[in-house]
Amino acid sequence: MKGFGVIKPFEQVGWVQKEKPVLGPCDALLEPVAICPCTSDVHTAYDIPATPNRILGHEAVGRIVEVGREVKDFKVGDVVAVPAVTPKWRTLDIQDSYHQHSGGLFKGMQLSSSEDGCMAEYFKVNDIDMNVAKVPDGVPLEAAVLVGDMMTTGFHGAELGNVGFGDSVCVIGIGPVGLMAVAGCALRGAGKLYAVGSRPVCCELAQEYGATEIIDYKNGPIAEQVLKLNGGRQIDVAIIAGGGTGSIEEAYNMVRPGGTIVNIEVQSDTNGLVIPTYASGFGLAHKTFVGGLCPGGRRRMERLMDMILEGRINPSKMITHKFYGLDACEDAFYLMRDKPKDLIKPIVYF
Ligand code: NDP
Ligand code: ZN
């Protein structure tokens, strides 16, 4: 089968030919119905030591074409939302910690990471009964494909910040991940909700999703702008979804003692992450720094799709570019890499 992936880590992406994946008893083989490229695919291609010939893609709605002999709840022909994180659910790590790290750091994320991803004629999902959810009538394809990564990741930012009624929050970076963080914070009752970005399409949608003020990071240090708009007071929570390590320093500068700095961006700067000395109170300011990979699994997908069904959120507004057919994965990937001004998120229909 044909797939689009990393040919040479840090340097080259392209098309690879591989055998169809072999299924275990609880796995299923899917053909893509729609996929989206992710900024993390771009990181996998150019910023981290990926496996050569690894097929990219981990945001998909797929149609099941084959199931392992122990699969109970799904059959050939079912159309399902696939999360980016599809853990092995039978590990002790699950009892110790987060399912995202079942089997080791990041090992809950298999598609495009430790296994081939969905930018291919076929892709395998492990433990299908535990990891995917049927797309209910009433949830559009464009929304279902965004549930498994953009929505779960952005919402996780709001969860990790424990955002509550009236909290003052700043979301730094409002690409699709940050936009879903904005929407998640609004749903959890944030009061002042600052959103940092510059692309007009993103700024407009951030306001629609609940941002109360837009801040352009090109107009000067973000923390100074936030403090000015917030009457000189520091805020409760900052969520980083763009801007790199510089955003960590800005987040420390804007968050109050006892507040929380959440990172959901892939921080790929190999020089290390910098916690600023003064803004962290010499490390004693009771400011919490927490970062996390998105939650996956079937129940998370079902719950998020319930929110779409009940009209609480419409993630499909983020789709700005549409492509058709497997070959178009390449163009969609380059678009995600190059980030033209009118882009939020591309989709590829099969
Ligand atoms: P985008 O590139 O679309 O968005 C980045 C945002 O950051 C844009 O709003 C951009 O503004 C803004 N930005 C750029 N430079 C700065 C700066 N100096 N200061 C402040 N803001 C800045 O990315 P995505 O939304 O697609 O993804 C965001 C991150 O989340 C990526 O690193 C991705 O890999 C990661 N990710 C993490 C996951 C997880 O599980 N935690 C899952 C999925 C993705 P502008 O409007 O100018 O473009
Ligand atoms: Zn992703």
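Here are the numbers:
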item: Those residues of segment 14-30 which are buried (at least 18 other Cβ atoms within 10 Å of the Cβ) and not β-branched (Val, Ile, Thr), in sequence order; result: Pro21, Leu23, Cys26, Asp27, Ala28, Leu29, Leu30
item: Yes/no for Ser316 being assigned to a loop (DSSP other than H, G, I, E, B) and crowded, with 16+ Cβ neighbours inside 10 Å; result: no
item: Selection count, segment 255-277, where residues are closer than 24 Å to Asn219 by Cα, open to solvent by less than 10 Å² (accessible area, probe 1.4 Å) and more than 12 Å from ligand 1 (Cβ to nearest atom); result: 2
item: Selection within segment 202-233 - buried (at least 16 other Cβ atoms within 10 Å of the Cβ), part of a helix (DSSP H, G or I) and within 9 Å of ligand 1 (Cβ to nearest atom); result: Cys202, Cys203, Ala206, Tyr217, Ile222
item: Selected residue (only one of Asp269, Asp236, Asp306 is touching a Gly at 6+ places or on another chain (Cβ under 8 Å) and not in a strand (DSSP E or B)); result: Asp269
item: Residues located in segment 176-194, provided they are buried (at least 22 other Cβ atoms within 10 Å of the Cβ) and either under 17 Å from the mean Cα position of the chain (by Cα) or part of a loop (DSSP other than H, G, I, E, B) (or both); result: Pro176, Val177, Gly178, Leu179, Met180, Ala181, Val182, Ala183, Gly184, Cys185, Ala190
item: Qualifying residue in segment 239-250 (condition: acidic (Asp, Glu) and outside any helix (DSSP H, G or I)); result: no
item: Test: residue in segment 338-348 that is within 10 Å of ligand 1 (Cβ to nearest atom), in contact (Cβ under 8 Å) with a residue 60 or more places away in the chain, open to solvent by 20 Å² or more (accessible area, probe 1.4 Å) and in contact with a strand residue (DSSP E or B) (Cβ under 6 Å, 6 or more places away or on another chain); result: no
item: Ala50 vs. criteria out of contact with any Gly (no Cβ under 7 Å at 6 or more places or on another chain) and within 16 Å of ligand 1 (Cβ to nearest atom); result: yes
item: Some residue of segment 98-108 being crowded, with 24+ Cβ neighbours inside 10 Å, within 11 Å of ligand 1 (Cβ to nearest atom) and assigned by TED's automatic domain parsing to the domain that holds Ala28; result: yes
item: Top-ranked residue of segment 236-254 - restricted to ones that are of a type outside the set (A, V, I, L, M, F, W, C) and crowded, with 22+ Cβ neighbours inside 10 Å, ranked as nearest to Ala211 (Cα to Cα); result: Asp236
item: Residues being out of contact with any Asp or Glu (no Cβ under 8 Å at 6 or more places or on another chain), open to solvent by 10 Å² or more (accessible area, probe 1.4 Å) and within 16 Å of ligand 2 (Cβ to nearest atom) - total across segment 41-69; result: 6
item: Residue match in segment 318-327 (condition: at positive phi and in the same structural domain as Gln100 (by TED's automatic domain parsing)); result: yes
item: Residue satisfying condition, being touching a residue at least 24 places away in the same chain (Cβ under 8 Å), within 24 Å of Ser113 (Cα to Cα), aliphatic (A, V, I, L, M) and within 16 Å of ligand 2 (Cβ to nearest atom), within set Val290, Val266; result: Val266
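The values are calculated or read from the model by the stated rules, or taken from the named source; none is laboratory data. Remember, it's a predicted structure, so these values are computed and weren't measured experimentally. No Cβ is skipped: glycine too gets one built from the backbone with ideal geometry, and neighbour counts run over all protein chains shown. These area figures cover heavy atoms from the full protein model, side chains too; ligands, DNA and RNA do not enter into them. Shrake-Rupley method; radii C 1.70, N 1.55, O 1.52, S 1.80 Å.
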